[in-house]
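For reference, the structure is listed below as structure tokens.
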Amino acid sequence: MKSLSLTLLCSLLWLISWCQISNSILLSGNWYKIAVGETGIYKITYNDLINMGVDVNSINPKNIRIYGNGAGMLPELNSQNRPDDLAENAIKVIGEDDNVFDVNDYILFYAQSPVTSNVRQNNTGFEHKMNLYTDSTYYFLNTDIGLGKRITLRPSLTDTPNYIVTSFDDFQYHEVDLFNLLKSGKLWLGEKFDSILTYNLSFYFPNIDTNQINYKASVAARSGVTSSFSILANAQNILNLNVAFVQLYSITSNYFNITTGIANFNSLSDTLNLSLTYNIGDSTSIGWLDYFEINARRKLIMSGSQMLFRDMTSQGIGNISKFIVLNSPISTEVWDVSYPLNIKEQLTVTNGINKEFIVNTDSLKEFIAFDNTSFLTPQFIKQVTNQNLHGLSSANMLIVTNPLFVNEANQLSNHHISYDNISVKVVTTEQIYNEFSSGAQDLSAIRDFTRLMYQKGQDISDSLSQILLFGDASYDYKNRITNNTNFVPTFESLASSAPISSVASDDFFTLLDSLENGLIGSMDIGVGRLPVKTQNEAQDVDNKIINYSTNPNTFKNWRTDLCFIADDEDSNEHISHANIITNTIDTSYDCYNINKIYLDDYIEVYDTLGSSYPSVNQAIENQFLNGSLVMSYVGHGNETQLASEKVLTLATIQSLTNIDNLPFFYVSGCEFGKFDKPEITSGSEGLILNPLGGCIGLIASDRITFSSSSFVLSHKFYDYLFERNQNGEHYKLGEILKIAKNLTSSEADINKRTYLLLGDPALKLSYPEYNVVTTQINDINIQNQLDTLFPGDTINIKGFVADNSGNTINSFYGTIYYKLYDKERMDTTLGNNVNTIYLFLRQDSVLLQGNDNVVNGMFQIQFVVPNNLSSGYGFPKFSYYATNNLIDAMGCFEDIVMSGSQTSIADNIFNEMQINIYPTITSDKLFVKMSSENVDKLRVNINDLTGRNVFNRNYTKSDFTDFSIDVSILEKGLYVINFFDKTNSISRKFIKK
């Protein structure tokens, strides 16, 4: 069983405020890191120092110092006080008076277990708090920066005591962390009740008082029916705990339930034998022990070589208490360890075989008595290289890496410094822990360091905007599982029993305002993670990022392509969500070419292994190989594939070889982005870690998500994906996701926290930077009415490459690649699963493609309209991509009518008249200019991109003089307006803004 110091952690934290010192104490001097596992007095000998590498003969023992911030975890609430850098502890050095550290000299210091305890809210005893991140507390020894802090003597008071202490409060607990049932969240459970249904535990309280003993037990069970636990103490039943049933096959139910109970018991024996039995409800029942806590009173009789004691009943305003430690050897010393940084040696009065002292007990005081015969020994960890994170200047980007990957992190840092002209600082997790969490792993230490760097920024030029976590993470902070991957830890939620509320999120490191806590708040900076587990993986990912940004082979027209994939279930909800986003993009950024791979648009194949979409997988694989600026998926998924029909499996992902055509991938679905489960390689990890292809980065969820909330987040993301900031620059990936999350629902929304960026947050996608402008078609300025074109017609296009101010880039010499897309067409899905078809527009049929030269920024393209142009009138799309392998540009032209047939053209009345609409982008009115002597009546209707009719009206000749149509009531978007007489029609497109 485990007992521990009951010193309140807050007493230490309140002593050391968040003052943001200028330099770390580790800046200079020789430092040696040591570890302890339990609370007590530790001894460092002459030989111990030699084994650490200390030159004992050259040191003055009076200069020996020990630094460390004691037990417990840092707070998650930013505004709560915490240590800033390492604090010096008062120690005792035996034999230092001669200024020489002799063979028989030694150091004594008080150290604490990483587990802390606090007084219960109802003052009925104490409760423990496990350290989630470490099983050791770390201290730092120094020998050469000046005189050290020493434990001072405190005499016993001469006041008359009003309270006599002859017994004290003792506290023990039992908790072993063996199982994380969801492989998610902070909660780990202990002994498993399955094949074994009874466990026995023994606690020893020397010289126990006969007062009541207080027990607290926490147990868990997963069962389809109510089950229970029975607890016996010394063969007497003291507590029965019922645990509620769970819905075994529901993902929205708790996976297990927890019950906690408290009982009191009297014992005349110093040994307490506990027996815990699980009473199974049925064959589905499995139980676990979470923890036991026992509060007991003991007589204040010296027991063992070291004994911690405190008395809750002695504290009170104005109280002066006399402590009588019975049966104390003559060598017994007493230290007051209530404030671990400022320990006092409490002088005592010997009264026979007892030690007595009088102290003020306005507050709870804790002491340790020891007989100087036996001490604990710390474990030497390593000599610490000088460091000074507190003294770092501000930077635009932080890269936090595991020490294993520091070379690769520096390589990526140098790339950003030289290529992106930003300031970058690379720090290791070990360096952060040393200065901000006393050498122990602690998530808040990384966040606190990030917050310090964020606060150092003075303006946009030097302010922190991105943090990259360079290394994989794990739900297991303490390496309890084999092949663990806890290189740079992530935030695991307190919620650990319900799949829909348990989450892992890197957003924790970005919530930097004073009142933000856990995952509640607005992101102040962007964050991304490279989930590398080996140096080879780290180098491969570096190579991908640098190649993506700098290799001339990546300057290809895939940069103008987008691909949207949608699942086929849930009444076409996923297709609808994808279509809404593509319509938004087509309205505002119509020069991007969108390929829609909707599963229900393909034939579903059934066999003994289930259903699948071979054609979908082939289409997706082709899209990867051909390249795409962005790929997107919306629908169901799991850790290693998309959709239930085995779309984009891990095997396919790991076989991709598209290194020069890497897309960015957004996956709006469940668990595909899991990165903290060492037992598997998720689909997202496979895509980012594939050294020969995959993707350059992706956003995906690491847990179960809800479709509606996920859609809101993805829509916000695409709202900013192609936007530019106030400086006219495209946003970095981390910035886009930060903005999207901050604009999405409430700050406490767990769904958005499940989505993370696996990739470099400081990366900008390979957007074509400049514009390709069409000026003339067949020597007619595009501002004028252009002739309708038919198959076999020759078309001559002129234009130029323009900067973002519209000026010709005269120095541009390169190649322009062009495609002619057929007119938009209505497509319909097959209704494979829901027997409900979905109508949608697509424009992805390439009629021809080619390339030509750009000279002095000018180009001219000539070709013949192909015969495979679809029938009917409509608007094709000319798509352009120009590059000189240093810079690139994109553009399109859609304002010309083509028809695949000239049948009855001579009889078409519209051949004798012209219809123009203006402006083609309007917020209220659409003006129609037409001329024809033969048209008396005209019917006008307007359709949105789903084909839905939103306007229908008849007009007569009297309306044609001042012809306008009110479109103010229409929603924003792209529309097709159709004009009809008795037998003919013509169409135009416009945008309602």
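Miscellaneous remarks
- Alpha-carbon spread of the stretch 78-135, three principal axes, descending order, Å: 51, 29, 22
- Count, lysine Cα pairs under 13 Å in the stretch 555-758, 8 or more residues apart or across chains: 5
- Estimated translational diffusion coefficient (Stokes-Einstein, Kirkwood radius over Cα pairs, 4 °C, 1.567 mPa s) of the stretch 407-529: 82 µm² per second.
- Inter-probe distance in nm under a simple model that places probes 7 Å from Cα toward Cβ, at Arg825 and Ser958: 4.4
- The stretch 555-758: C-alpha gyration tensor shape, a/c 1.5 cut-off, then a/b vs b/c: rounded
- For the chain, the Cα gyration tensor yields ellipsoid semi-axes of 71, 32, 23 Å (square root of five times each eigenvalue, largest first, whole Å).
- The orientation-averaged projected area of the convex hull spanned by the Cα atoms of the stretch 738-834 comes to 13.7 nm².
- Rounded to the nearest whole Hz, the Karplus-based 3J(HN,Hα) values (6.51 cos²θ - 1.76 cosθ + 1.60, θ = phi - 60°) of the stretch 119-125 follow the sequence 5, 4, 4, 8, 6, 8, x, with x at glycine and proline.
- The relative contact order of the chain comes to 9 percent, based on Cα pairs under 8 Å that sit 6 or more residues apart.
- Peptides 291-297, 669-675 ordered by packing proxy, namely the average of other Cβ atoms within 10 Å per residue, highest first: 669-675, 291-297.
- Of the GluC sites (Glu not before Pro) found in the stretch 357-456, not one falls in a DSSP loop while having at most 14 other beta-carbon atoms within 10 Å.
- The label-point distance for Ser746 and Asn807, in a model that sets each label 7 Å from Cα toward Cβ, rounds to 5.2 nm.
- Cβ-Cβ distance of Gln455 and Asn727, R₀ of 30 Å, FRET efficiency by 1/(1 + (r/R0)^6): the value works out to about 0.80.
- Were the residues from Asn57 through Leu197 laid out at 0.36 nm apart, the gain over their Cα-Cα distance would be 44.5 nm.
- Annotation for the stretch 164-254: chymotrypsin sites (Phe, Trp or Tyr not before Pro) lying in DSSP loop with at most 15 further Cβ atoms inside 10 Å of their Cβ are Tyr249.
- Hydrodynamic radius of the stretch 832-888 by the Kirkwood approach over all distinct alpha-carbon pairs: 15.4 Å.
- FRET efficiency for Gln212 and Ile21, using Cβ-Cβ distance with R0 set to 51 Å, rounded to 0.05: 0.60
- Unit charges on C-beta of K, R, D, E only; dipole of the chain, Debye: 1000
- The per residue volume of the convex hull around the alpha-carbon atoms of the stretch 770-899 is 138 Å³.
- Local electrostatic count at Leu926 - Lys and Arg +1, Asp and Glu -1, tallied over other residues with Cβ under 14 Å: +3
- The ellipsoid equivalent to the alpha-carbon distribution of the stretch 58-213 has semi-axes of 37, 26, 18 angstrom, derived from the gyration tensor eigenvalues as √(5λ) and listed largest first.
- Residue among Val243, Asn214, Thr271 farthest towards the positive dipole end of the stretch 167-299, charges placed on Cβ: Val243
- Here the Karplus curve 6.51 cos²θ - 1.76 cosθ + 1.60, taken at θ = phi - 60°, turns the phi angles of the stretch 418-426 into couplings of 7, 8, 9, 6, 10, 8, 9, 10, 9 Hz, with x standing for Gly and Pro.
- Only the Cβ atoms of Lys and Arg (+1) and of Asp and Glu (-1) were treated as charged; on that basis the dipole of the stretch 770-899 about its Cα centre amounts to roughly 160 debye.
- Selection from Leu197, Ser22, Ile320 lying farthest towards where the dipole of the chain points positive, charges on Cβ: Ile320
- Value at 222 nm in deg cm²/dmol, rounded to 500, when DSSP H runs of n ≥ 4 in the chain each add -39,500 (n - 2.57): -4000 deg cm²/dmol
- Förster-model FRET efficiency, 25 Å R0, Ile481 and Lys129, C-beta, rounded to 0.05: 0.65
- Separation in nanometres of the label points that stand 7 Å from Cα toward Cβ, at Ser374 and Ser522: 6.0
- For the stretch 555-758, a crude dipole built from +1 on the beta carbon of Lys and Arg and -1 on the beta carbon of Asp and Glu, taken about the Cα centre, is about 700 debye to the nearest 20.
- Within the stretch 766-808, the proportion of Cα pairs with more than 17 Å between them is 44 percent.
Here, each number is a calculation from the coordinates, and none is a lab measurement. Since the structure is predicted, the reported quantities are computational estimates derived from the model, not experimental observations. Note that we place each Cβ from the backbone using ideal geometry, even for glycine, and neighbour counts take in every protein chain shown.
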